[in-house]
Amino acid sequence: MGELSVDRTLAAAESLTGLHDWGGGGFREGLERLYASIMAEAGIDPDRYPGIEGNLAFVLGNRLRIIEDRKRFPGIAEEKIEKPVFVMGLPRSGTTLLQALLTADPGARGTLHWELLNPSPPPETASYHSDGRITLAEAQVAGISKELLKIHPFDARLPEECGRLFDMEVMNQGTFGTYQVPSYLHWLLAQDFRDAYPWHKKCLQHFQHRHRGTHWVCKSNKHMFTMERLFETYPDLRLVWIHRDPGTTLASLASFIYRARGNLKPDTDPQMLGREWASLQELALQRAMLFRERLPDQRQICDVHYDDVMRDPLGAVERIYAHFAMPFDETTRAAIGGWLKANPQDKHGRHSYGAERFGLDARVLRERFAPYIERYGVNAAF
């Protein structure tokens, strides 16, 4: 295979599902730009192209199935997404842990890994904990390297980034973590996501149609780039912004991306990668902070600090509930406490990394990110 083909990928998704209604073709531009960027810039052996096309065909097959499900279950379109909780912050700042803690509430509804992997048909309450798709996700997780699990605790039953829903629109900044595709990234950063967020909402409607909760708990660091659209789509949302020292988080992030990208491009330059991702997260913070200055009701955002969550996770969650006037009873407390016992820190081993390998200096980063650090009183981890 000499090149990546958009038409071949879409045909494969249609063959995989037996479906043909794409619900519009706006996503195609993102796929075209991604493929062009991979071929021109990613430095990936063309022998890997069939696997790339196969992965995208699977993801886009999920798009076809979700659109079909909205025809089979007309009530999906009537679902109300009310006062969802979103967790946000720099990558590697504890967002994954905080989302998991908040989702441990028996009433909460999260985007679990097994659902994101195989979303169709909408899950049902009666079989939610025994759905056959859980086994499929467990098999997929079993293939993840132990080193990667040290960095991010993948598990079929754990919540994952709702930002993965944007993959079905081919509009996810996380794609830059897999591929060195600057042209695609520059195009993506110029988009306002006006069409992508309605798709995100359609997916939440899909997931809750036959299995409800008292509220949603979602998480994605990517929302920092597009907070205008996030608040436009969910005007009554409750946002939890977790803060951590960029001098620590960016080195950890670079290590994570290096391992993920190295699977397709073993000769990835770690120092270039580190510089690129530091700039990308600087832009994310700038956009998020500027939007926040214009937010009419600052009570919609609850600030928490990584150090506080690690020191007293249960207490941090209780303070979040109090901020949003959400009921926090003994059942909720016990469920979150049980999750903490079952998922101790470094369950899969400790993630070791060094900033120097990625061309990063913690003190320089703290100077560069000083407006953020000073604005939110972020503690430096010397």
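Counting neighbouring beta carbons within 10 Å and listing from fewest to most, the residues Tyr197, Tyr372 come out as Tyr372, Tyr197. When we measure straight from the Cα of Lys71, which aspartates and glutamates land under 12 angstrom away, once same-chain ones fewer than 8 places off are left out? Cα-Cα hits under 12 Å: Asp21. Under 5 Å between amide hydrogens, built in the peptide plane, is the criterion, and for Leu112 it picks out Glu160 among residues at least 5 positions away or on other chains. Around the amide H of Val304, modelled in the peptide plane, lie the amide H atoms of Trp241, Ile242, His243, all under 5 Å away and 5 or more residues distant in sequence or on another chain. Full extension of the chain between Ser15 and Glu318 gives 104.2 nm of extra length, using 0.36 nm per residue less the Cα-Cα distance. What does the C-alpha gyration tensor say about the overall shape of region 47-137? Classify as rounded when a/c is under 1.5, otherwise prolate if a/b is larger than b/c, or oblate. Oblate is the answer for region 47-137, as a/c is 1.5 or above yet b/c matches or exceeds a/b.
Residue pairs exceeding 25 angstrom between C-alpha atoms, taken from Lys150/Lys202; Lys202/Lys222; Lys83/Lys219; Lys83/Lys222; Lys80/Lys222: Lys150/Lys202. What the Cβ-Cβ distance of Asp329 and Glu367 gives, at R0 = 45 Å and to the nearest 0.05, is a FRET efficiency of 0.50.
Among 359-367, 294-302, 265-273, 242-250, sorting by the average number of other beta carbon atoms lying within 10 angstrom of each residue, highest first, gives 242-250, 359-367, 265-273, 294-302.
Between Asp192 and Asn55, residue separation times 0.36 nm minus the direct Cα-Cα distance comes to 46.8 nm. Applying Stokes-Einstein at 37 °C and 0.692 mPa s to the Kirkwood radius of the chain, computed over alpha-carbon pairs, gives a translational diffusion coefficient of 152 µm² s⁻¹.
For region 232-241, putting each phi into the Karplus relation 6.51 cos²θ - 1.76 cosθ + 1.60 with θ = phi - 60° gives couplings of 5, 6, 10, x, 9, 5, 10, 9, 9, 10 Hz, in residue order, rounded to whole numbers and with x for Gly and Pro.
Straight-line cross-link partners of Lys146 among the aspartates and glutamates, defined as a Cα under 15 Å from its Cα and at least 8 positions apart when in the same chain: Glu138, Asp155, Asp346. Restricting the trypsin sites (Lys or Arg not before Pro) of region 106-171 to loop positions (DSSP other than H, G, I, E, B) with no more than 15 neighbouring Cβ atoms within 10 Å leaves Arg157.
The value of relative contact order for the chain, using C-alpha pairs under 8 Å at least six residues apart, is 24 percent. Packing here is the average count of other Cβ atoms within 10 Å per residue, and on that basis the peptides 62-68, 189-195, highest first, run 62-68, 189-195. Each semi-axis of the equivalent ellipsoid for region 109-214 is √(5λ) with λ an eigenvalue of the Cα gyration tensor; in descending order they amount to 26, 20, 9 Å.
Computed extension gain for Trp22 through Asp303, at 0.36 nm per residue and net of the alpha carbon distance, reaches 97.2 nm.
Of all DSSP bridge pairs formed entirely within the chain, close to 5 percent run antiparallel. Residues whose amide H lies under 5 Å from that of Lys219, counting only those 5 or more places away or on a different chain, are Val87, Cys162, Gly163; hydrogens are built 1.01 Å from N in the peptide plane.
Computed from the coordinates by the stated procedures, all read-outs in this text should not be read as laboratory data. Quick caveat: nothing in here was measured; it's all calculated off a predicted structure. For neighbour counting, all protein chains shown are included, and Cβ atoms are generated from backbone atoms with ideal geometry for every residue, glycine included.
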